[in-house]
Amino acid sequence: MATGFILKGQVLSFSGSPFDGERPEDVAQLQEAVAVQDGRIAGAGTLAEMQALLPEAETVGHSGKLIMAGFVDAHVHYPQTAIIASWGKRLIDWLNSYTFPEEMRFADRAYADEIAARYLDLTAAHGTTTVCSYCTIHSESVDAFFAAAQARGQRVAAGKTCMDRNAPEGLRDTAQSAYDDSEALIGRWHGVDRLEYAITPRFSPTSTPEQLEAMGALWGKHPECLMQTHLSEQTDEIAWVRELFPQARDYLDTYEEFGLLGAKGLYGHAIHLEERERHRLRDYGAALIHCPTSNTFIGSGLFDMAGLMAEGQRIGLATDTGGGSSFSMLRTMAAAYEIGQLRGTPLHAAQLLWLATQGSATALRMDGKIGNIAAGMEADLVVLDLASTPAIAQRADRAEDVWEAVFPTIMMGDDRAIAETWIGGKRV
């Protein structure tokens with residue numbers, strides 16, 4: 001049996017949600033060391049306890065650093081890696097000007113392989129260990145992404161994006177081909193190693209009612225899969241949905257009518273929700289995915305984190321690469337804090353770190369496997385250097401507790417703050 005290893009530093013874990021009580025920090029635990037064996041967390045506690053648990057293990061010291069679960073990015077578009085931070089477009093223009101031309105290239109498996117590897121390298125360098133990605137309409141794009149993640153031993157979810165209208169000819173499938181291709185990909189990849197399939201209608205404007213019905217039928221046949229789509233990102237998008245679906249009660253109804261509302265559903269953005277939509281999403285236990293850098297970059301609006309959390313919604317955090325302007329979950333946390341400030345409800349550092357780990361893992365229904373440090377969990381870890389730049393270090397020097405020490409890294413940190421990333425117990 002492998003001897004494993006022990007990481008010594010400030011080990012952060014959560015015993016609950018920091019949104020539930022009066023003091024967010026009350027559910028956070030700081031311990032001295034974490035022990036890892038055979039790709040899983042063996043335990044966390046004092047260094048002496050971990051050395052007794054794994055007496056043959058090497059101890060790796062990380063004095064002054066914060067050791068926590070790897071970041072979980074709950075909504076990304078890996079095919080948009082090469083067009084991240086393109087100038088000046090709102091959602092629909094963004095799709096037509098940048099996204100669709102780039103996604104056409106993913107019919108080429110070699111190009112898909114190149115971008116998949118580049119994307120996973122970039123995100124691992126930023127401490128992200130799990131992502132849930134949209135691919136393109138091409139099965140090759142899904143095969144490339146899953147193969148790259150499998151080679152890294154990485155837990156990811158992804159799916160073929162389905163579109164049969166309001167997209168260029170080279171990016172349209174049909175209701176039947178979307179069903180058939182998606183089902184074949186489920187059979188090929190879902191549940192293999194650490195891979196999970198997500199049924200992926202892009203959003204209502206690019207799917208006919210017939211395709212949405214087919215996707216709902218597929219999800220009904222494979223309820224073990226996630227389903228991901230977009231919801232109420234921009235006001236002009238919502239107006240477009242009203243024109244395309246005049247009989248629908250609201251945007252969410254265009255999914256609900258076709259069996260695309262459920263507990264394993266992931267609804268990206270969800271900024272401009274109506275009252276009925278909020279009730280239905282909560283009733284089903286569906287997940288809303290907050291994409292703050294994207295929402296500010298393309299001018300979508302301000303997500304109501306405090307209000308949605310207070311009413312019991314399940315919420316994850318995401319970069320939304322490449323509408324989101326950074327691969328970094330640190331930058332994403334900073335943007336979430338800024339949006340909270342604009343709404344008069346700033347987030348505590350414990351809440352931000354929880355959202356980027358356990359919160360997103362819960363949204364993906366993976367919280368029993370990843371997103372926290374506890375015995376039996378998969379050993380996806382990040383080691384944060386809390387003094388990675390002179391500007392951060394001089395502020396952290398004045399910190400009176402761990403939250404003051406980590407907050408400058410959340411607000412100003414980048415890949416230089418990532419001392420180490422571990423995926424499945426292996427250092428990247």
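The values are calculated or read from the model by the stated rules, or taken from the named source; none is laboratory data. Note that the structure is a prediction, hence the values are computed from the model and not measured. Neighbour counts run over all protein chains shown; Cβ positions are idealised from the backbone, glycine included. The protein model used for the area step is the full one, side chains on, heavy atoms only, and it has no ligands, DNA or RNA in it. Shrake-Rupley method; radii C 1.70, N 1.55, O 1.52, S 1.80 Å.
Tell me which residues, restricted to region 60-107, are touching an Asp or Glu at 6+ places or on another chain (Cβ under 6 Å) and small (Gly, Ala, Ser). Matches in region 60-107: 70 only.
The criterion of being free of Cβ contacts under 8 Å to residues at least 40 places away in the same chain and open to solvent by less than 50 Å² (accessible area, probe 1.4 Å) holds for residue 389. Scanning region 83-112 for residues that are among the hydrophobic types (A, V, I, L, M, F, W, C) and either in contact with a strand residue (DSSP E or B) (Cβ under 8 Å, 6 or more places away or on another chain) or closer than 22 Å to residue 290 by Cα (or both) returns 83, 84, 85, 87, 91, 92, 94, 95. How many of the residues making up region 160-185 are open to solvent by less than 10 Å² (accessible area, probe 1.4 Å) and β-branched (Val, Ile, Thr)? Counting residues in region 160-185 that are open to solvent by less than 10 Å² (accessible area, probe 1.4 Å) and β-branched (Val, Ile, Thr) gives 1. Of the residues making up region 102-120, those that are without any contact (Cβ under 8 Å) to a residue 60 or more places away in the chain, surrounded by fewer than 24 Cβ atoms within 10 Å (Cβ to Cβ) and over 22 Å from residue 268 (Cα atoms) are 105, 108, 109, 110, 111, 113, 114, 115, 117, 118.
Residues in region 73-116 that are part of a helix (DSSP H, G or I) and among the basic types (Lys, Arg) were compared, and the one that is nearest to residue 332 (Cα to Cα) is 105. Taking region 192-212 as the search range and keeping residues that are in contact with a strand residue (DSSP E or B) (Cβ under 8 Å, 6 or more places away or on another chain) and part of a loop (DSSP other than H, G, I, E, B), which one is farthest from residue 424 (Cα to Cα)? Per the stated criteria, the residue is 207. A residue that is surrounded by fewer than 17 Cβ atoms within 10 Å (Cβ to Cβ), of a type in the set (Phe, Trp, Tyr) and farther than 24 Å from residue 185 by Cα occurs somewhere in region 71-92.
So is residue 256 more than 20 Å from the chain's Cα centre (by Cα) and open to solvent by less than 30 Å² (accessible area, probe 1.4 Å) or not? No.
Annotation note: of 343, 365, the sole residue that is touching a Leu at 6+ places or on another chain (Cβ under 9 Å), open to solvent by 50 Å² or more (accessible area, probe 1.4 Å) and either closer than 19 Å to residue 16 by Cα or of a type in the set (Gly, Ala, Ser) (or both) is 365. Only one of the numbered conditions (1) outside any helix (DSSP H, G or I); (2) surrounded by 23 or more Cβ atoms within 10 Å (Cβ to Cβ) is violated by residue 374, and that is (2). Look at residue 67 and say whether it is touching a Gly at 6+ places or on another chain (Cβ under 9 Å) and open to solvent by less than 10 Å² (accessible area, probe 1.4 Å). Here the answer is yes, as residue 67 does meet what is asked.
Report yes if residue 167 is at pLDDT below 95 and either within 20 Å of residue 143 (Cβ to Cβ) or over 23 Å from the mean Cα position of the chain (by Cα) (or both), otherwise no. The answer is yes for residue 167.
Could you say whether any residue in region 213-222 is modelled with pLDDT of 95 or more, open to solvent by less than 10 Å² (accessible area, probe 1.4 Å) and either of a type in the set (D, E, K, R) or in contact with a strand residue (DSSP E or B) (Cβ under 7 Å, 6 or more places away or on another chain) (or both)? So far as region 213-222 goes, yes, one or more of its residues are modelled with pLDDT of 95 or more, open to solvent by less than 10 Å² (accessible area, probe 1.4 Å) and either of a type in the set (D, E, K, R) or in contact with a strand residue (DSSP E or B) (Cβ under 7 Å, 6 or more places away or on another chain) (or both). Just one residue in the set 28, 2 is out of contact with any Ser or Thr (no Cβ under 8 Å at 6 or more places or on another chain) and either modelled with pLDDT under 95 or closer than 26 Å to residue 399 by Cβ (or both); that residue is 2. Candidates 123, 136, 129: the one that is in a loop (DSSP other than H, G, I, E, B) and surrounded by 24 or more Cβ atoms within 10 Å (Cβ to Cβ) is 136. Looking across region 228-253 at every residue that is part of a loop (DSSP other than H, G, I, E, B) and free of Cβ contacts under 8 Å to residues at least 24 places away in the same chain, the one that is least open to solvent (accessible area, probe 1.4 Å) is identified as 248. Considering only residues of region 293-317 that are part of a loop (DSSP other than H, G, I, E, B) and in contact (Cβ under 8 Å) with a residue 60 or more places away in the chain, which is most open to solvent (accessible area, probe 1.4 Å)? The qualifying residue most open to solvent (accessible area, probe 1.4 Å) is 299.
Here region 405-421 is the region considered, the condition is being open to solvent by less than 20 Å² (accessible area, probe 1.4 Å) and over 19 Å from residue 293 (Cβ atoms), and the residue that is nearest to the chain's Cα centre (by Cα) is 421. Can you name every residue in region 318-348 that is in contact with a helix residue (DSSP H, G or I) (Cβ under 9 Å, 6 or more places away or on another chain), free of Cβ contacts under 8 Å to residues at least 40 places away in the same chain and not in a loop (DSSP other than H, G, I, E, B)? Within region 318-348, 340 is the sole residue that qualifies.
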